[in-house]
Structures are given as C-alpha cells and as structure tokens.
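Let me begin by presenting the structure, written as structure tokens, before commenting on it.
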Amino acid sequence: MPTHAEQRLIAYSPEQLFDLVADVGKYPQFLPWCVRSVVKSQSEHELVADLTVGFGPFRESFTSRVSLERPSRIRVRYEKGPFRYLNNVWTFTPDPRGCRVDFFVDFEFRSRLLQNAIGVVFNEGVRLMVSAFIKRARDMYGRPTTQEIQQNSRATPRTDHG
C-alpha cells in the first residue's frame with residue numbers, strides 16, 4: 001500500500017513534459033530499475049506496454065494501459081503482473097515559470113516479500129524516479145530560457161484537417 005504524491009514546478013512546457021513521460025519505450029534509457037519496456041500497442045489516446053523492473057534480487061514484469069490526455073494528464077492502469085493494484089497519474093498544468101507537475105502513485109504487490117522489500121526504499125525510489133525524469137528533460141530539451149517557457153506554454157497542438 002505504498003502511496004506517494006508529489007508536486008514540482010519544472011521549467012519546461014507541459015507539452016515537453018507530457019511527451020517525455022508518454023515515451024514509455026525509452027524508459028530503460030534513463031529510469032532507475034526499469035530494465036525493459038515494450039510498447040505492445042499505441043494510438044493517439046492510449047498505449048499498452050510491458051515493463052520489467054529490477055531492484056536487488058527482484059525482477060518483475062507487468063502490463064499497463066496508459067491513457068494519454070494530451071497535454072494535461074497521463075493515467076496508468078495496471079492490467080497484469082505482480083500487483084494487486086497499481087494507480088499512477090501525472091498531471092501537467094501550465095505555469096508562467098514552466099509547468100506544475102503533480103505525480104501520484106499507489107500500488108500493492110501480491111507478494112508480501114516484494115511488498116516488504118519495496119516498502120523500505122519506496123519513497124527514496126520515487127524521488128529518484130522523478131529526478132530521473134527531470135534530468136531526462138534537461139538532456140532532451142536543454143536548459144530552457146524564460147522566453148521559451150512562455151512560448152511553449154502558449155503553444156497549441158496543430159490539427160490538420162483535410
């Protein structure tokens with residue numbers, strides 16, 4: 001039953017951060033403990049992915065269905081694997097200084113052994129994960145200027161008709 005909620009003001013646009021979090025296939029490149037990610041299906045509004053996480057002697061795989069509500073929210077719903085349940089929500093809100101990111105995760109493993117093992121390092125692990133996303137944003141987008149943040153916050157997705 002570990003639960004974690006966190007809010008951060010990050011100096012990138014909601015669109016940039018949404019794209020970074022939605023790129024599930026790249027997670028093994030920068031997320032601690034994510035050793036494998038396979039996107040099984042993807043559309044504009046949803047993706048299904050298999051992820052494998054490893055920490056210490058433990059390695060577990062699970063399937064999630066990810067709802068993409070561009071550019072404001074990403075919801076992760078657990079489908080199958082070692083959890084009793086998993087709920088994860090990212091919310092991206094424009095701010096003159098960048099983006100307010102609200103992150104929430106709540107889960108429970110079926111195995112008491114796994115639950116006890118993760119419970120010891122859970123909060124630190126989540127903080128490391130959020131920091132890894134911020135570092136990834138810096139690596140992908142560079143350090144934004146105030147002008148870039150304001151322009152990106154006003155940007156609207158382009159829709160082609162015809």
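Only one of the listed residues (L9, L51, L47) is closer than 19 Å to V130 by Cβ and open to solvent by less than 50 Å² (accessible area, probe 1.4 Å). That residue is L51.
Number of residues in the stretch 89-100 that are touching a residue at least 24 places away in the same chain (Cβ under 8 Å), within 18 Å of V126 (Cβ to Cβ) and open to solvent by less than 80 Å² (accessible area, probe 1.4 Å) equals 2.
The lone criterion from (1) closer than 20 Å to F122 by Cβ; (2) of a type in the set (F, W, Y); (3) surrounded by 15 or more Cβ atoms within 10 Å (Cβ to Cβ); (4) out of contact with any His (no Cβ under 9 Å at 6 or more places or on another chain) left unmet by F103 is number (4).
Among the residues of the stretch 78-95, the one identified as among the acidic types (D, E) and over 30 Å from S111 (Cβ atoms) is D95.
Taken over the stretch 12-44, the criterion of being surrounded by fewer than 18 Cβ atoms within 10 Å (Cβ to Cβ) and either touching a His at 6+ places or on another chain (Cβ under 8 Å) or part of a strand (DSSP E or B) (or both) is satisfied by V35, R36, V38, V39, K40, S41, Q42. Annotation note: Cβ proximity below 6 Å between a residue of the stretch 71-83 that is in contact (Cβ under 8 Å) with a residue 12 or more places away in the chain and a residue that is assigned to a loop (DSSP other than H, G, I, E, B) and of a type in the set (D, E, K, R) (sequence gap 6+ or interchain) occurs for P82/R110.
The values are calculated or read from the model by the stated rules, or taken from the named source; none is laboratory data. These numbers were taken from a predicted model, which means no experiment stands behind them. With ideal geometry, Cβ positions are generated from the backbone for all residues, glycine too; neighbour counts draw on all protein chains shown. Just so you know, the surface numbers come from the protein's heavy atoms only, side chains and all, with ligands and any DNA or RNA stripped out. Shrake-Rupley method; radii C 1.70, N 1.55, O 1.52, S 1.80 Å.
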